[in-house]
Amino acid sequence: MSSKLIFEMSSVGRTGYRFPDIDVPVLPLDKQIKSSLLRKSKPNLPEVSEVDIIRHYSSLSKKNFGVDAGFYPLGSCTMKYNPKINEDVGNFSGFSGIHPLQSEESVQGFLEMLYETTKSLCEITGMKWGTLQPYAGAHGEYTGMKFFKSYFRKKGELNRTKVLVPTSAHGTNPASATIAGFHIEEIQADERGLVSVESLKKHLTDDVAGIMLTNPNTLGLFEKDIIEIAKLVHDAGGLLYYDGANMNAIMGKVRPGDMGFDVIHLNLHKTMSTPHGGGGPGSGPVLVSDRLVDFMPTPDVKKNDDGYYFDYNIPDTMGRVAGFYGNIAVLVRAYAYIITMGSDGLKKASEYAVLNANYLKERLKKTYHLYYDTTCMHEFVLSAKKMKEEYGISALDIAKGLLDHGYHPPTIYFPSIVPESIMIEPTETESKETLDGFVETMLDIYQLAVNDPEKLHEAPLHTAVRRVDEVLAVKQPILKWHAE
Ligand SMILES: *Cc1c(COP(=O)(O)O)cnc(C)c1O
């Protein structure tokens, strides 16, 4: 297939459309638009036929790898299949065709969807109430930190400026807390890969606002001491924040609210059926326990005898955290997902996610070094440190090798506490055959590392773009095509 750019295929005068002849008088352009706003010259648009433009977009879509194209075991990102029925529901004109400034009476169904989604998410997480406004996980974390701020301001404890974050945490955690005005103190993981209660105690000084955790943590391990951790933090006057990006591991099994958390964000685009990656629209609802509901962002969705309405009158509110009401299409998909799955379905999804991860882990650990050799939750972390020392093959080489076989590589070099880490999250939507195929490929790559490591340094050999110089790509990115 031609690898020419659409601009290079252009041929003067060629068109892919034909409008009917105009049968009404035409005003000169400068009578329609102020002449100061008119272009001086024509835009440099490609002139191509209809079939060329169809081929152009079809070939672009094939270059783009997604869950619908193949296995995508990107740890921490929950790249699972998103049922297409939820796309259809997201496109219902009753949702997609409404205007944010419409009267409440005219959008009762929309408000009901927001209300019921919030209620369902509270039930799944064990929290009291929440806001659907945040646009992504990191935005949810920031909103959660604003809850911390509002709470301590109201209590007059402005000295609480420190937030504890484990070394394994996702980078957005310390970033969000910092932007919200807190100082970060890192807590080391112990030899189990978990938060150590003993070292936590040393950090619980009277300037602690709280702790940010995810459970299972980013190593895919369940924090077994969470009840004790929660008690210690609360007794020290602090709050607990739950990074809900790993909710896919525990739906219907255990609830952050029951573990003792005060604030949680969810990544609906990860757990609840929105295709993501490439920076597409996300949603990071924030749900809180009883003691924090007074600080809810406005507007809050409420219900009375007359129906549903937006409540702007919350005395201790932190104010808005988003323009209007959040990424509505993502919320609709999540609501459709929850309804179609039901509580049993959600529970099964998490059970299969954990089962699939443990199956892969057991098969791969005979060849690859499993860093924490214990039962995992929805993901696990391998280390290529020994392979690097023995054969000069790094986690990056393995990832590039997978590209040649049509797999999206796992997450590499995160979490950073594991050297040469390879973090694998298969998700619940993959069959045993798919998992087995992936294992076989990983074993082949290992053989290649042992027998012909040079070849692996050159990978990928069969992709549209070969191995890029990552330093040059950062230092001198060429992001635009220039016409001659
Ligand atoms: C993805 C992720 C985040 C951030 O979520 P975004 O929606 O990408 O902002 C935070 N924490 C963990 C553990 C994650 O996996």
**OP:** Take the range 12-52 and flag every residue that is over 42 Å from the mean Cα position of the chain (by Cα) and within 30 Å of residue 465 (Cβ to Cβ).
**Re:** 14
Original post:
Is it the case that residue 214 is within 30 Å of residue 334 (Cα to Cα), in contact with a His (Cβ under 8 Å, 6 or more places away or on another chain), within 14 Å of the ligand (Cβ to nearest atom) and in contact (Cβ under 8 Å) with a residue 12 or more places away in the chain?
Top reply: yes
**OP:** Exactly one condition in (1) surrounded by fewer than 13 Cβ atoms within 10 Å (Cβ to Cβ); (2) of a type outside the set (Gly, Ala, Ser); (3) closer than 15 Å to residue 335 by Cβ is not met by residue 159; state its number.
**Re:** (3)
Original post:
Residues of the range 200-215 being touching a strand residue (DSSP E or B) at 6+ places or on another chain (Cβ under 7 Å), among the β-branched types (Val, Ile, Thr) and in a loop (DSSP other than H, G, I, E, B), which ones?
Top reply: 214
Original post:
Hey, does the range 113-120 have a residue that's closer than 28 Å to residue 323 by Cα, of a type in the set (A, V, I, L, M, F, W, C) and within 16 Å of the ligand (Cβ to nearest atom)?
Top reply: no
Original post:
Hey, among the residues in the range 248-306 that are hydroxyl-bearing (Ser, Thr, Tyr) and touching a Pro at 6+ places or on another chain (Cβ under 9 Å), which one's nearest to the ligand (Cβ to nearest atom)?
Top reply: 283
Original post:
With 187, 226 as the choices, which residue is among the aliphatic types (A, V, I, L, M), buried (at least 20 other Cβ atoms within 10 Å of the Cβ) and either within 15 Å of the ligand (Cβ to nearest atom) or on the phi < 0 side of the Ramachandran plot (or both)?
Top reply: 226
Original post:
Out of (1) in contact (Cβ under 8 Å) with a residue 40 or more places away in the chain; (2) of a type outside the set (A, V, I, L, M, F, W, C); (3) over 24 Å from residue 70 (Cα atoms), the odd one out for residue 385 is which?
Top reply: (1)
Original post:
Only one residue in 205, 214 is of a type outside the set (Asp, Glu) and more than 20 Å from residue 417 (Cα to Cα), so which one is that?
Top reply: 205
**OP:** Go through 15, 78 for me and flag whichever is within 30 Å of residue 361 (Cα to Cα) and in a loop (DSSP other than H, G, I, E, B).
**Re:** 78
Original post:
What's the number of the condition residue 441 fails, among (1) out of contact with any His (no Cβ under 8 Å at 6 or more places or on another chain); (2) of a type in the set (Ser, Thr, Tyr); (3) farther than 26 Å from residue 273 by Cα?
Top reply: (1)
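Every read-out reported here was derived from the displayed coordinates using simple, explicitly stated rules and does not represent laboratory data. Every value quoted in this text rests on a predicted model; they were computed, and no experiment measured them. Ideal geometry is used to build each Cβ from the backbone, glycine not excepted, and the neighbour counts take in all protein chains shown.
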